[in-house]
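Notes follow once the structure below has been shown.
The values are calculated or read from the model by the stated rules, or taken from the named source; none is laboratory data. Since the structure is predicted, the reported quantities are computational estimates derived from the model, not experimental observations. Don't worry about glycine lacking a Cβ; one is built from the backbone with ideal geometry, like all the others, and counts go over all protein chains shown.
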Amino acid sequence: MVRRRLLVLTITLLILGVMYGSVSAEKTKIVIWTYFAEIHNELLPEFYKQFPDVELEIMSVGGATTAEKYLVAYMGGAGPDIVTLRLGQSVKYIESGMMAPVDPRGFGVNSLAELERMMLPGSMSILRHRDGNVYFMPAELSIFGFFYNKTLMDQAGVGKVPTTWEELLEVGQKFVKVDADGKTQQVGLYMWREWFPPWFFHILMQGYNVQPFTADGQSQFSHPDAVKAISLYPELYRRLSNNTDMGGHNRTWNAGNAAFNWGANYMSSGFKKADLMFEWGSAPMPKFAQGQPSTVAYAHGHFVNSQSKHKELAWKVVGFFIGPQQAEKWYTEHNLWQPWGGSWITRLFIIDPTQRPFLEQLEFAVPEIAHPNVDDLYQKMREAEDRIFRGKQSVEAALQQLDTEISAMGPIY
């Protein structure tokens, strides 16, 4: 009788053990779609030490098409828990309720105010949506400013980088060199026409306190002050670049044939790898003498799917990968900057002092344009820039046409 009871007890304990073991072995699955998969995979061993009960599925996706793939998956109820998107792409997904607001607990705090105190001044204004909420955290944040060729400046006797556009127009002419055949050999300013004009236009407009869109979503590129600001653009080319783009970045800036380069902070890593044969540095964006400081930031970041069954956990996963504890790794190993404060920033400025002038502009930086059809919008802006550059239209006529084309795209909100 005793043996039977012991046998029953043993079997019962074994069954309970199997049941308990199967329960304890269950893990919560979190799916990430990202074009930073390489970095995430590097961090997996450390991740599983902190999150042993999470099964992470990291899917590498391409940047340009990720947003549309996410939309299709979301409509079918099969979207990932976390998705990486560009800030400019995000507006229609946020406005449609497809993204969950940031949960500060994922970053070890209880409120957005506490989260903001962990960041560099001005960072939260880049992240905050028009409804006051924050829906993503940046894996990469880039800010526009200027690079300068100190070697050319010393040769020309120019002691400092111009701080206003008006000063740049005067100083920059000293560097323009044309050969006997009329071919431009050196320019005062290099501007990357193929990609950057939408941000150039935005920066110039902001310099006169004109936003690309009104609060109710109306395009205002043809606003009188916007026309006035953007009219500087062809003047820069005429006086500082001799109406030429010099055949591309490598033949102009990298070859040491430009005094100044209007670009973004991420470019400095490429310059270091290129081992440029001249001394160079960085400076804040010039401003209009009668205007205000202005620059634009664009970002790629992690959003959490509003349909996720594990939103709180998903934000903790985001907090692990792109929170302050990993910021130094992302920059030093992958040249991707995130706006977290702390002692690592001091070390960053020692490693790469060219970052300081860009990061100090955060206090007045504005986020890039966010639009439901942002890629089509930017293409229309590039077409307007090309008409201006080639003299096919005046600035005013090109911007009036741009506003008409943007209005035809439909409402922004």
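Do the conditions hold for L152, that is, is it touching a residue at least 24 places away in the same chain (Cβ under 8 Å), part of a strand (DSSP E or B) and not aromatic (F, W, Y)? Lay out the reasoning, then the answer.
Working: touching a residue at least 24 places away in the same chain (Cβ under 8 Å): yes; part of a strand (DSSP E or B): no; not aromatic (F, W, Y): yes.
Answer is no for this residue.
Residue by residue through the range 1-52, note down the ones that are hydroxyl-bearing (S, T, Y), assigned to a helix (DSSP H, G or I) and modelled with pLDDT of 95 or more.
Of the range 1-52, the ones hydroxyl-bearing (S, T, Y) are 10, 12, 20, 22, 24, 28, 34-35, 48.
Filter once more, keeping what is assigned to a helix (DSSP H, G or I): 10, 12, 20, 22, 24, 48.
Residue satisfying the conditions is Y48 alone.
Which residue out of G188, G256, G291, G263 is closer than 26 Å to M153 by Cβ and either under 23 Å from the mean Cα position of the chain (by Cα) or without any contact (Cβ under 8 Å) to a residue 12 or more places away in the chain (or both)? Outline the logic, then answer.
Numbers: G188 fails: either under 23 Å from the mean Cα position of the chain (by Cα) or without any contact (Cβ under 8 Å) to a residue 12 or more places away in the chain (or both); G256 fails: either under 23 Å from the mean Cα position of the chain (by Cα) or without any contact (Cβ under 8 Å) to a residue 12 or more places away in the chain (or both); G291 fails: either under 23 Å from the mean Cα position of the chain (by Cα) or without any contact (Cβ under 8 Å) to a residue 12 or more places away in the chain (or both).
Just a single option satisfies the conditions, and that option is G263.
Yes/no matrix, rows are residues, columns are (1) more than 30 Å from E95 (Cβ to Cβ); (2) modelled with pLDDT of 95 or more; (3) crowded, with 21+ Cβ neighbours inside 10 Å; (4) in the same structural domain as P101 (by TED's automatic domain parsing):
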position	(1), (2), (3), (4)
P121	no, no, no, yes
D154	yes, yes, no, no
L168	yes, yes, yes, no
F175	yes, yes, yes, no
D179	yes, no, no, no
G182	yes, no, no, no
E194	yes, no, no, no
H202	no, yes, yes, no
Q220	no, yes, no, no
Residues of the range 53-95 being within 21 Å of P138 (Cβ to Cβ), outside any helix (DSSP H, G or I) and among the β-branched types (V, I, T), which ones?
I58, V61, I82, V83, T84
What about F358, is it hydrophobic (A, V, I, L, M, F, W, C), out of contact with any Gly (no Cβ under 7 Å at 6 or more places or on another chain) and not in a loop (DSSP other than H, G, I, E, B)?
no
If the Cβ limit is 8 Å and pairs must be 6+ apart or interchain, which residue in the range 349-360 that is surrounded by 16 or more Cβ atoms within 10 Å (Cβ to Cβ) pairs with which residue that is modelled with pLDDT of 90 or more and among the β-branched types (V, I, T)?
F358/I143; L359/I143; L359/I345
Test each condition in (1) out of contact with any Leu (no Cβ under 9 Å at 6 or more places or on another chain); (2) outside the structural domain of L362 (by TED's automatic domain parsing) for V158 and report the one that comes out false.
(1)
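Yes or no: V109 at pLDDT 90 or above, surrounded by 13 or more Cβ atoms within 10 Å (Cβ to Cβ) and assigned to a loop (DSSP other than H, G, I, E, B)? Even if it seems obvious, please write down each step before you answer.
On the way: at pLDDT 90 or above: yes; surrounded by 13 or more Cβ atoms within 10 Å (Cβ to Cβ): yes; assigned to a loop (DSSP other than H, G, I, E, B): yes.
Criteria met by V109.
Got at least one residue in the range 222-235 being farther than 30 Å from P372 by Cα and assigned by TED's automatic domain parsing to the domain that holds R382? Reasoning before the result, please.
Pass one, the range 222-235, residues farther than 30 Å from P372 by Cα: 235.
Still in the running and assigned by TED's automatic domain parsing to the domain that holds R382: 235.
Among the residues of the range 222-235, at least one is farther than 30 Å from P372 by Cα and assigned by TED's automatic domain parsing to the domain that holds R382, which makes the answer yes.
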Could you say whether any residue in the range 304-327 is over 23 Å from the mean Cα position of the chain (by Cα), of a type outside the set (S, T, Y), farther than 29 Å from I94 by Cα and surrounded by fewer than 22 Cβ atoms within 10 Å (Cβ to Cβ)?
no
Considering the range 115-146 alone, what residues qualify as being touching a residue at least 40 places away in the same chain (Cβ under 8 Å) and assigned to a strand (DSSP E or B)?
M119, F136, M137, P138, A139, E140, L141, S142, I143, F144, G145, F146
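Go through the range 268-283 and give me each residue that's buried (at least 19 other Cβ atoms within 10 Å of the Cβ) and under 17 Å from the mean Cα position of the chain (by Cα).
The first filter runs over the range 268-283 and keeps only residues buried (at least 19 other Cβ atoms within 10 Å of the Cβ), leaving 268, 280, 282.
Scanning the range 268-283 gives a single hit, S268.
For V61, state whether it is in contact with a Lys or Arg (Cβ under 8 Å, 6 or more places away or on another chain) and either crowded, with 17+ Cβ neighbours inside 10 Å or on the phi < 0 side of the Ramachandran plot (or both). Spell out how you get there, then give the answer.
On the way: in contact with a Lys or Arg (Cβ under 8 Å, 6 or more places away or on another chain): yes; either crowded, with 17+ Cβ neighbours inside 10 Å or on the phi < 0 side of the Ramachandran plot (or both): yes.
Yes; evaluated as a whole, the condition is true for this residue.
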Hey, could you check the range 228-260 for residues that are touching a Ser or Thr at 6+ places or on another chain (Cβ under 8 Å) and among the polar types (S, T, N, Q) and say which is modelled with the highest pLDDT?
S241
